[in-house]
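Asker: Before I ask anything, let me first share the structure, which is written out below as structure tokens.
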Amino acid sequence: MNTSEDTNQPGPPKPVDPVTTDQSRCVFFGMSPDMLCVASAQGLFLQLNPAWEAVLGYSPDEMIGKPFTDFLHPDDLKPTLEAFGEQTRGKDIFKFTNRYLCKNGSVKWLEWTGKACDDQNLIYSIARDVTEARKTDATLRSMLRAVDQSPVSIVITNVAGDIEFANPKVFELTGYGEEELLGKNPRILQSGETPKAVYEELWNAITHGREWRGIFHNKKKNGELYWEAAVISPIINNNGIITHYLAVKEDITLQKETEEAIQRNRILLRTVIDNLPDAIYFKDAEGRKVIANKADWTLMGYHSEAEVLGKTDLELFDSEIGMRGYHDDMAILKENQPVINHEEAFTDPLGNDCLLFTTKVPLKDDQGKILGLVGIGRDITERKKNEVQLIIQADKLKELNATKDKFFSIIAHDLKNPFNSIIGITDVTLADLPTLDKSDIQKRLKMMKSSANQAYTLLENLLIWSRTQTGKIDFEPGMTDLEEVLRGIITLVEGQLLSKAITTDISIGNEHRVWADQNMVETILRNLITNAIKFTPKGGNIGITATVQDGFLKISVHDSGIGMTKEALSKLFRIETSFTTRGTENEKGTGLGLILCKEFVEKHGGRIGVESEPCKGSHFWFTLPVSPQKT
């Protein structure tokens, strides 16, 4: 019994069986995921666990008995031997890392931990495959360098919003140091310029796991304001819990200022072009209007810019004007040639004919590609009318100046000469009177009379002409008997006809009544007949005829005188040419008589003209109405 009781009592532990211990070691040796190795002091593999085959691809049989250097990467051979030699001579555990060649040709990084046992002449070591870990570490280092060197600001906060990480760009941009920002809330950067609603929208998004994008108007440490475009995202762990917030922010101050400047310039440009009197427009590459100022759409008869945008000239104008404008636009866009200061006919909404001064130039981008065209149109209708008026006024002024010059010439010279002649003959006659006989006195008296008649005729024409220039001469047309007027004039010039033995042939028929101012008709005929006498040599002939043509009586004065060249003919009836010639007996003239004839004839609505050739006489003619003219 006692023996039984003693048998059930616990006794001292039993010793471990050595065989059992070796078996346990083999089990652990085979199960280890690490690469276990026993090598000789000379570096020969003696024992390897299965993990070696799993990592390098070689079976233990392919490696056992071979030196470890056979499997080293060539570049790591020398440093490994040096490290191995130094560390195996020491008493402590050695560690180093090198590369091994795999059976498939790839390379693995192995991290070694081992100890040399001198008493056994063996080396025990553990190798761990750290290839992926090294790749991950390299990637992390690259990412960290990228974050540090990033041109954008990167901030990581905890869920309370306190800053836990900021890259160098943050400190560079804001002017704050690490100790001033880390652990602080980003509100330290707020300027008060960003609306509160922006922050509410931000927190609502990221606390619900969504990404937020927006713009902040922040303030630097020195008080300077700046703009940031931000993307803020929640960082979520494997359990779906938000642990941090990541903010990536870019300084867009320059961009913002540029945009604002562009916007200001756009507003300024639009204000300017909309208030310019010229029509200004932009068209795309298809000839469609994309911008039109008020002057442009008003000129075309529209009420707003919206009515013309997106339309070509074909749609904005009638067929002829629209087709011409469209073809011009396409030619400019195709040939890349501007049209400068081109006059274009245009019809306004009221149907009035207008004239535009147009300039169109191709619009190009930075690469020279044609995007469309810019056009400027100026309504020059009134200017053209004014130019015409200016030309008329200039011609009139020129004529008036010529008239003035002619007037002064006549007064200063032509009117003076007859009186000088009379005075001179008188003085000579008085001095010679005691010795003169009757025939000499008679001759001198005739000379004095001729000069007096010349002065009288000139003075009479001058007075009449000056009255026409000032508009003070009366125009009183009525039925005038041409035959009666001719009789009076022939009587007046009878002495001149007799002195040059000139005969006259008058053939005016029965139709000799005209609707004219009698005084003006007398002036016209007197000048034409005295001119004919002046340029007809002694023994010549003067003919006067009249015929009715289309409601007008055409009166012609022919002479058998010296005639005129084409050059002389071109200067007649023009006061500015101051043209006159001497008669066959050196008779003087001023050319003023023909000017009066022209003005008086045209006053009646008639015409005056002349045909002549040298040595073949001259034919002057003019027309007067035979009845009152309709106005």
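Here, each number is a calculation from the coordinates, and none is a lab measurement. Quantities reported herein were computed from a predicted structural model and do not represent experimental measurements. Every residue, glycine among them, receives a Cβ derived from its backbone with ideal geometry; neighbour counts consider all protein chains shown.
Asker: Would you grab the residues whose amide H sits under 5 Å from the one on Leu553? Only those 5+ places off in sequence or on another chain, please, with H modelled 1.01 Å from N.
Answerer: Answer set, sorted by chain and number: Leu624, Val626.
Asker: A further question follows. Kindly provide the helix-only [θ] at 222 nm of the chain, computed as the sum of -39,500 (n - 2.57) over DSSP H runs of four or more divided by all residues, to the nearest 500 deg cm²/dmol?
Answerer: My calculation for the chain gives -13000 deg cm²/dmol from helical runs alone.
Asker: Could you state the angle between the C-alpha long axis of helix 196-206 and the longest principal axis of the C-alpha atoms of the chain, as a value from 0 to 90 degrees rounded to the nearest 10?
Answerer: 40
Asker: Of the trypsin sites (Lys or Arg not before Pro) in the range 302-407, which ones lie in a loop per DSSP and count no more than 12 other C-beta atoms within 10 Å?
Answerer: Those that pass, being in a loop and sparsely packed, are Lys369.
Asker: Applying a 10 Å radius around every beta-carbon, put 557-567, 236-246 in order of their mean neighbour count, most first.
Answerer: Answer by packing, highest mean first, reads 557-567, 236-246.
Asker: Taking a point 7 angstrom from the Cα of Glu211 along the C-beta vector, which residues in the range 153-182 have backbone N less than 19 Å away?
Answerer: Of the residues in the range 153-182, 153-157 have backbone N under 19 Å from the label point off Glu211.
Asker: Let me ask something additional. Identify, among Ile542, Trp297, Phe216, the residue whose Cα sits farthest towards the positive end of the charge dipole of the chain, taking +1 on the Cβ of Lys and Arg and -1 on the Cβ of Asp and Glu, with the dipole about the Cα centre.
Answerer: Ile542
Asker: Something else: Give me P(r) over the range 19-135, computed from all C-alpha to C-alpha distances, binned every 5 Å, as integer percentages.
Answerer: For the range 19-135, the pair-distance distribution reads 2, 11, 21, 27, 21, 12, 5, 2, 0.
Asker: Would you work out which of Cys615, Leu48, Ala166 lies farthest towards the positive end of the dipole of the chain, given +1 charges on the beta-carbon of Lys and Arg and -1 on that of Asp and Glu, about the Cα centre?
Answerer: The listed residue farthest towards the positive side: Cys615.
Asker: In whole Å, how far is the Cα centre of the range 125-180 from that of the range 507-561?
Answerer: What the calculation gives is 119 Å, centre to centre.
Asker: Moving to a separate point now. Note down the magnitude of the dipole of the chain about its Cα centre, charges +1 on Lys and Arg C-beta and -1 on Asp and Glu C-beta and zero elsewhere, to the nearest 20 debye.
Answerer: About 2840 debye.
Asker: Can you work out the Karplus-derived ³J(HN,Hα) for every residue in the range 29-37? Use 6.51 cos²θ - 1.76 cosθ + 1.60 with θ = phi - 60°, whole Hz, and x for glycine or proline.
Answerer: 4, x, 7, 5, x, 7, 8, 8, 8
Asker: Further question: Mean separation of Cα pairs under 8 Å and 6+ residues apart, divided by the residue count of the range 150-257: what relative contact order is that in percent? If you can, show how the numbers build up before the last one.
Answerer: Values: 201 pairs, mean separation 30.0, N = 108.
Answer for the range 150-257 is 28 percent.
Asker: Also: If the limit is 27 Å between Cα atoms, which of Lys249/Lys364; Lys398/Lys566; Lys256/Lys311 go over it?
Answerer: Lys249/Lys364; Lys256/Lys311
Asker: Which peptide among 340-347, 619-626 comes first, and what is the full order, when sorted by highest mean count of other Cβ atoms within 10 Å?
Answerer: Ranking the peptides 340-347, 619-626 by packing returns 619-626, 340-347.
Asker: What trypsin sites (Lys or Arg not before Pro) does the range 91-125 have in DSSP loop regions with at most 15 other beta carbons within 10 Å?
Answerer: Hits after loop and neighbour filter: Lys91, Lys103.
Asker: Tell me which label goes with the value of P(r) over Cα pairs in 20 Å bins from 0, in percent computed from the coordinates here: (i) 18, 46, 28, 7, 0; (ii) 12, 17, 17, 14, 10, 10, 9, 7, 3, 1, 0, 0; (iii) 16, 43, 32, 10, 0.
Answerer: (ii)
Asker: How large is the dipole of the range 19-135 about the Cα centre if only Lys and Arg carry +1 and Asp and Glu carry -1, each at its Cβ, rounded to the nearest 20 debye?
Answerer: 220
Asker: Sticking with this structure for a sec: So for the range 278-379, what percent of the C-alpha to C-alpha distances run longer than 17 Å?
Answerer: Here the tail beyond 17 Å accounts for 48 percent of pairs.
Asker: Based on the alpha-carbon gyration tensor of the range 474-631, what equivalent-ellipsoid semi-axes (square roots of 5 times the eigenvalues) come out, in whole Å, largest first?
Answerer: Square roots of five times the eigenvalues give 25, 18, 14 Å.
Asker: Tell me which of Leu254, Phe357, Leu445 sits at the most positive position along the dipole axis of the chain, charges placed on C-beta atoms (Lys, Arg +1; Asp, Glu -1).
Answerer: Farthest towards the positive end: Leu445.
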